[in-house]
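Working notes, beginning with the structure itself.
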Amino acid sequence: AKELGRDNFQFYAPEFNSRAHEKFVLQEELRNALARSEFALLYQPQVDLRSGRVFAVEALIRWNHPTLGVVSPMTFIPTAEETGLIVPIGDWVLHEACRQNKAWQDAGLPPMTVCVNVSARQFRERNLVGRVVNALKDSGLEARYLELEVTESLIMQDIELAVATMNELQALGVQISIDDFGTGYSSLSALKTFPVARLKIDKSFINDLAADENDQAVTSAVISLGQKLNMRVIAEGVETDDQVAFLLKNNCDEMQGFHFSRPVSAQDIEKLLNHKN
Ligand code: C2E
Ligand code: CA
Ligand code: CA
Ligand code: CA
């Protein structure tokens, strides 16, 4: 390494520094984001495939930073997980999603479920169930109108703990769905013990659904598997008519994706429901 010339060193160092610096800045800014009210939730409708009725919306977090701009959750959720900041941020998401859903009901919209993404670190917190209870109490939302989306890989990290927690949530009346299904690997024998209402087929299987025979095989297999286990099955990332046609033909229950609507603000959900429902 001593042999490396000055130029090599300089070539390497700034890149390293800027990456480390970037991460540091992100962490510091993330620490302040809650207090500065920089987070917002968008909502994406989930629709019944046959009737086209919106029965749920998924809450998706956005971080509007004054100088960094809109930071994607793909960028900051991993950092929030590493630092533990996901716990207060996730708490904010739960409260805000429940509050908004209750406000929609109070405004006279047809009752919908609000789906909230829960990350692994949040799920491992001993008091997740207590936090959910608080969000329901503070908002006045009935438990049956809240659903938590957890991933397969999260459950598989500690199946016993996950099943115990999911059972407690189910006893409260909160629903659970498995997000990104097909990308992790849950054993089929474990899957049947999960108290989950729905499977979400990952959008990586939906992308090329019209052309890719493997994706077609996986998608139709997941649909029948879920239904045989008494779960509803929703396809995510649905963008085209061809995808919708395939899902209908294969008896999928529900869909979510740009084909029906992108994630939109709470106000736009109201407008959209007044037009489409
Ligand atoms: P996810 O839970 O799998 O959410 C679906 C992602 O696909 C969302 O990206 C959504 O905007 C996008 N999407 C929806 N329909 C389509 C479509 O038709 N085509 C394409 N190409 N994309 C579509 P988003 O909002 O950027 O969120 C990314 C991920 O960040 C989420 O993936 C989730 O894992 C995480 N995330 C978002 N909000 C939260 C949150 O409040 N808490 C936690 N823990 N994670 C969150
Ligand atoms: Ca999700
Ligand atoms: Ca997903
Ligand atoms: Ca995903």
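The values are calculated or read from the model by the stated rules, or taken from the named source; none is laboratory data. From a predicted model like this one, the values you see are computed outputs, not experimental measurements. Positions of Cβ are generated from backbone atoms using ideal geometry, with glycine treated the same way; all protein chains shown enter the neighbour counts. Keep in mind that these areas ignore ligands, DNA and RNA; they rest on the heavy atoms of the full protein, side chains included. Shrake-Rupley method; radii C 1.70, N 1.55, O 1.52, S 1.80 Å.
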Picked from the range 100-111 (must be free of Cβ contacts under 8 Å to residues at least 60 places away in the same chain and in a loop (DSSP other than H, G, I, E, B)), the residue nearest to ligand 1 (Cβ to nearest atom) is 111
Matching residues in the range 222-260 - criterion: being open to solvent by less than 50 Å² (accessible area, probe 1.4 Å) and on the phi > 0 side of the Ramachandran plot: 237, 257
Among (1) buried (at least 21 other Cβ atoms within 10 Å of the Cβ); (2) under 28 Å from residue 240 (Cβ atoms); (3) within 16 Å of the chain's Cα centre (by Cα), residue 112 falls short only on (3)
Taking the range 181-197 and keeping only residues that are within 16 Å of ligand 3 (Cβ to nearest atom) and within 14 Å of residue 232 (Cα to Cα), one is left with 181, 196, 197
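Which count do you get for residues in the range 115-132 that are under 20 Å from residue 164 (Cβ atoms) and open to solvent by 40 Å² or more (accessible area, probe 1.4 Å)? Spell out how you get there, then give the answer.
Step one: of the range 115-132, the residues under 20 Å from residue 164 (Cβ atoms) are 116, 118-132.
Those still in the list that are open to solvent by 40 Å² or more (accessible area, probe 1.4 Å) too: 121, 124-127, 131.
Final tally of qualifying residues: 6.
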Consider residue 70 carefully, then state whether it is over 20 Å from residue 32 (Cβ atoms) and either at pLDDT 95 or above or open to solvent by 60 Å² or more (accessible area, probe 1.4 Å) (or both). no
Among residues of the range 145-171 being touching a strand residue (DSSP E or B) at 6+ places or on another chain (Cβ under 9 Å) and farther than 11 Å from residue 123 by Cα, the residue farthest from ligand 1 (Cβ to nearest atom) is 170
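Matching residues to (1) over 20 Å from residue 101 (Cα atoms); (2) among the basic types (Lys, Arg):
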residue: 227; (1), (2): yes, no
residue: 231; (1), (2): yes, no
residue: 245; (1), (2): yes, no
residue: 256; (1), (2): no, no
residue: 262; (1), (2): no, yes
residue: 270; (1), (2): no, no
residue: 275; (1), (2): no, no
Kindly provide the set of residues from the range 33-52 that are buried (at least 17 other Cβ atoms within 10 Å of the Cβ) and not aromatic (Phe, Trp, Tyr), ordered by number. 33, 38, 41, 42, 44, 45, 46, 47, 49
Any pair with Cβ under 7 angstrom, 6 or more apart, that starts in the range 240-260 at a residue that is touching a residue at least 24 places away in the same chain (Cβ under 8 Å) and ends at one that is within 16 Å of ligand 4 (Cβ to nearest atom) and open to solvent by 60 Å² or more (accessible area, probe 1.4 Å): 257/239
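Give me the residue from the range 172-194 that is of a type in the set (Ser, Thr, Tyr) and open to solvent by 70 Å² or more (accessible area, probe 1.4 Å) and, out of that set, farthest from residue 120 (Cα to Cα).
Restricting attention to the range 172-194, the residues satisfying the condition of being of a type in the set (Ser, Thr, Tyr) are 177, 183, 185-187, 189, 193.
Those still in the list that are open to solvent by 70 Å² or more (accessible area, probe 1.4 Å) too: 183, 185, 189, 193.
Details: 183: 16, 185: 16, 189: 22, 193: 19 Å.
Per the criteria, the residue is 189.
Pick out, from the range 130-203, the helices (runs of 4 or more DSSP H) lying fully within it that include 1 or more residues that are under 19 Å from residue 95 (Cβ atoms).
Working: elements: 152-157, 159-172, 188-191.
In the range 130-203, the matching helices (runs of 4 or more DSSP H) lie at 159-172.
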